[in-house]
Amino acid sequence: MRAGVRGVLPFAVLVLAWAALARSGWLPPVFLPPPAEVARTAGEMLADGSLWAHVGASLGRVALGLAVSVPLAVTAGVFVGLNRRLAPVLEPIAGFFNSLSGIAWLPLAITWFGLGWLSVTFILFNTIFFLVFFNTLVGVRTVPRILEQAVRTLGGRRRHLILQVLIPGALPSIVTGIRLGVGFGWRALIAAEMIATTTGLGYLIYDAANFHRTDTILVGIIAIGTLWLATDRLLLIPVERWTVERWGLVSRTGV
Amino acid sequence: MGWRAALATWAALLGGVLAAWSLAAATLPMPAYVLPPPTAVLEALVDLARKGILPTYVGESLRRIVQAALVAVAVGVPAGVLLGMSRRAAEFSYPLLSFFQSVSGIAWLPLMLIWFGFGERTILIAVNYTVLFPVVFNALLGVRSVPQIYVNALRTLGASRWRIAWAVLLPGALPSIATGVRLGLAYGWRALIAAEMLVGANGLGFMIFSAQPFHLTARIMLGMGIIGVLWTLLDYFFLRPLEDATIARWGLVQR
Amino acid sequence: MTAKITVRGLRHEYVNPFTRERVTALDGVDLEVEDGEFLTVVGPSGCGKTTLLGILAGLVPATRGTVLLGARPVTGPGPDRGVVFQEFAILPWRTVERNIAHGLEIQGVPRAERAATVARFVELVGLRGFETKYPHELSGGMKQRVAVARTLAANPEVMLMDEPFASVDAQTRITLQEELNAIALATRKTILLVTHNVDEAVFLGDRCCVLSRRPGRVKTLVPVKIPRERRTWQLLTSDPSFAATKEQVLRLVREEVGAGDTA
Ligand SMILES: Nc1ncnc2c1ncn2[C@@H]1O[C@H](COP(=O)(O)OP(=O)(O)OP(=O)(O)O)[C@@H](O)[C@H]1O
Ligand SMILES: [Mg+2]
């Protein structure tokens, strides 16, 4: 309860300050509409369903990107990580593709797939896949060899090693990879939607700028922030708490 | 496996990829712009370098990201440390910072277009915003996670607030700050590319984006390669050593 | 008496992958461990004790020589030889009971039977009340007990232990040694235990095997005359023959520790 109040209070103060600034007349309303107007616009967009459509488009792309790339990336990361000859060779390559991930692929994606959801999803896939692949690979490679040996002396076969040692051992890294993937993915998505599609939150706010609809833009920005916080709090943090923290391990970062 | 074998595998892989790429470009029944051969990328490099376009664009992009990095360190670190010094201020600003951190600068771009116009100023502000928030956020987190005993130890010696900040909080928060700088710049570099695509008249993002409608795919690939290489160099020779050094030397923060 | 483990002409070389330099860790090791025997192995640091154990476990391939388990040659790791590692090597993502059950799970033992066996070994190593804890919530000595219980529960023919009590405090170490002695007697398992600690070697072993300095080979096998059933630390500290055996082993090890070398 108290924690809830503490979390909401700063936002309440922020909205009050915003309202005061908008009322002061110091900025023209087209620059900064008052919160009430933004709330009204949000209400209208919720009522006519347009906000839902854009939110749905963006969320659907993120979900699709995650659903396709995470299983592929974890599988690839584990199998490459198992291969002592291939792993040290592919690790820097994956690192390079990480540094390229995101929006830099957009022109090539448009050339290959045209404007539309395929290009946008391709970019999301690229971003999430390489981050998760790289972190899985590094995670697998840093699982203490002794744990593998211990399970082998218990009669464990390759299947046991993969499922019971390597994947759980790499999980702190995998979770970090997914978190970074979602973080970079959301950002790339918003930028890509501005350019390459006619749906989604990125398109919504960029299009609104053409008509100087600052109220619509602010609705979009608030939706983006809220959605990201919700994904993080409702999906990523609980996963981390249930695995990594319960086992007394520490999450490792890696961009 | 020795480094010689790793290098050999690396060279073989690179050669294989280049050969497969050339072969695919030569034989696949597609228009040339879909997959130009590696030689075309090389030609684009020579051509753009000779015309002086490439050095200019690389210089512009680097100038913007370095400027944003300097501002983030000069403003973001002190701001984060100051906020972290007071428990109240930290609790108040934490939710706000995590919200603003999660909305990338690109999402603010439409609003910034209205506020600051279509040009350089908007690019710089969007990139600065993107780099700044992770730095402030992580500086605050870093200060808050310095164990209280160090602070108390100095207090019993009669140290002032500012001496404590300088002697304990800042060094204690450095690993976290280094992580924040690295993450902020990783986000910022991508935001820069996106902003240059949307608003720019020069820079690497502009280069690859403006090449797309003319199907200058070799130029796109060249730009992507440079974007990846620049980031890899920056990360490998500057950001990663910074992070490793602070963690190794000041690794008193439990992470 | 039949030999449970037979080692003949064992040699092992490590090759540095970068410089191609070779280090001979073991050379000419011959050894027989009898069925039901508790053999302890001591020797100066770096003489190849861990290497020997690794070869017996099947984790390290020998450069030359043979290892037989009964009549079968050892070719790789298997559930017939349980290993207790110096670093514990229990899985951080499994609770105490699931770590102990791990070998049985791999063998495909049904759940109910598994639970009964686990309960028995939890009791035996004194971990009741900690079944659902994760390793990071345990002390070093408790983790070591989990490792021992995990190996025992899988019911191997032979137990191989590498300095299992090296990283626990002196008091816990004594308790664990007495517990291990009792467990060894109760289960009648063949055990080979590597240690730095001469007291421990003489307290636990039927025989104590002293290795030479690197490259390691068997220098002497010292029998310990007191029956294992009678051994408690209290009793042994006052027993003159125990003290004499200890002195003898200590002298043999000292001879192998060259000047400037610290064991
Ligand atoms: N992976 C390895 N690569 C190269 N040399 C090794 C390797 N492992 C061990 N050695 C060398 O082989 C020799 C024997 O090592 P081993 O670990 O078996 O000794 P040990 O008797 O167990 O020592 P300690 O009592 O210190 O644990 C040592 O000189 C060591 O330097
Ligand atoms: Mg050893």
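The values are calculated or read from the model by the stated rules, or taken from the named source; none is laboratory data. Small disclaimer: the values here were computed from a predicted structure and weren't measured. Methodologically, a virtual Cβ is constructed for each residue, glycine included, from the backbone with ideal geometry; neighbour enumeration extends over all protein chains shown. In case anyone asks, the SASA skips ligands and DNA or RNA and just uses the protein heavy atoms, side chains included. Shrake-Rupley method; radii C 1.70, N 1.55, O 1.52, S 1.80 Å.
Quick notes
- DSSP beta bridges in the protein assembly as shown [antiparallel fraction, %, rounded to 5]: 55
- Segment residue C:248-residue C:14, extension gain: residue separation times 0.36 nm, minus the distance between their alpha carbons: 81.1 nm
- The Cα atoms of the protein assembly as shown define a convex hull whose projected area, averaged across directions, is 42.2 nm².
- Assuming charge only on the beta carbon of Lys and Arg (+1) and of Asp and Glu (-1), the dipole of chain A about its Cα centre is about 1220 debye to the nearest 20.
- Inter-chain Cβ neighbour count for B:94-103, averaged per residue, equals 6 (cutoff 10 Å, partner chain atoms only).
- Local net charge near residue A:43, Cβ-Cβ under 13 Å (Lys/Arg +1, Asp/Glu -1): -3
- Take each residue in B:194-205, count the other chain C-beta atoms within 10 Å of its C-beta, and the mean is 3.
- The separation of the range B:113-181 from the range C:142-160, counted between C-alpha centres, amounts to 49 Å.
- Lysine pairs in the protein assembly as shown whose alpha-carbon atoms fall under 27 angstrom of each other, counting only those eight or more residues apart or on distinct chains, come to 17.
- Protection proxy ranking, highest mean first, for peptides C:61-67, B:107-113: B:107-113, C:61-67, where packing is the per-residue count of other beta-carbon atoms within 10 Å, averaged.
- Portion, in percent, of the accessible area of chain C that falls on carbon or sulfur, probe 1.4 Å: 50
- Placing unit charges on the Cβ atoms of the charged side chains and taking the dipole of the range B:37-250 about its Cα centre, the candidate lying farthest along the positive direction among B:177, B:154, B:205 is B:154.
- You can think of it this way: the chain between residue A:30 and residue A:13 has 3.9 nm of extra reach, that is 0.36 nm per residue less the Cα-Cα gap.
- Once the Cα gyration tensor of the range A:36-247 is diagonalised, semi-axes √(5λ) in Å: 39, 19, 11
- Counting only alpha carbon atoms, the long axis of helix A:50-82 and the longest principal axis of chain A meet at about 20°.
- Paramagnetic reach from residue C:178 (point 7 Å along Cα→Cβ, amide N under 15 Å) across the range C:188-222: C:203-204
- Whole-Å semi-axes of chain C's equivalent ellipsoid (Cα gyration tensor): 29, 23, 18
- Computed from the C-beta positions of residue B:153 and residue B:202, the FRET efficiency with R₀ = 51 Å rounds to 0.45.
- The range C:73-137 and the range A:181-255 have Cα centres lying 43 Å from one another.
- Accessible surface comparison of C:194, B:229, probe 1.4 Å, protein chains only, largest first: the order is B:229, C:194.
- Here the range A:202-235 is scanned for amide nitrogen atoms under 19 Å from the site 7 Å beyond the Cα of residue A:37 along Cα-to-Cβ, giving A:205-223.
- Buried area at the A:B interface is about 5000 square angstrom, summed over both chains, from accessible surfaces computed with a 1.4 angstrom probe.
- Crossing angle, helix B:38-51 versus chain B [Cα axis fit, 0-90 degrees, rounded to tens]: 70
- Farthest toward the positive end of the dipole of the protein assembly as shown, out of C:130, A:18, C:106, is the Cα of C:130, where the dipole comes from beta carbon charges about the Cα centre.
- Chain C: DSSP helices with Cα axial extent of at least 15 Å and average Kyte-Doolittle hydropathy no lower than -1.0: C:111-124, C:140-153, C:170-187, C:240-256
- This model, with +1 at the C-beta of Lys and Arg and -1 at the C-beta of Asp and Glu, gives the range C:88-155 a dipole about its Cα centre of some 60 debye.
- Mean-position separation - Cα centroids, the range A:129-176 and the range C:34-70, in angstrom: 28
- Relative to the globular-protein estimate of 2.2 N^0.38 Å, the Cα radius of gyration of the range B:37-250 stands at 1.21.
- Dipole magnitude for the protein assembly as shown: computed about the Cα centre from +1 point charges on Lys and Arg Cβ and -1 point charges on Asp and Glu Cβ, it is near 660 debye.
- When each of the peptides B:132-143, B:57-68 is scored by how many other beta carbons lie within 10 Å of its residues on average, the order from highest to lowest is B:132-143, B:57-68.
- Summed residue charge, Cβ within 10 Å of residue C:135's Cβ, Lys/Arg positive, Asp/Glu negative: +2
- Shape of the range C:128-185, Cα gyration tensor, a/c cut at 1.5: oblate
- Once all protein chains are placed together, residue B:160 keeps about 60 Å² accessible to a 1.4 angstrom probe.
- Ranking A:182, A:199, A:151 by Cα position along the charge dipole of the range A:148-205, where only Lys, Arg, Asp and Glu carry charges on their C-beta atoms, puts A:151 farthest toward the positive end.
- Placing R0 at 30 angstrom, the Cβ-Cβ distance between residue B:66 and residue A:146 gives a FRET efficiency of 0.10 after rounding to 0.05.
- Residues residue B:6 and residue C:22, FRET efficiency given R0 of 30 Å [Cβ-Cβ distance, rounded to 0.05]: 0.90
- Within 10 Å of each Cβ in A:94-103, the average number of Cβ atoms from other chains: 6
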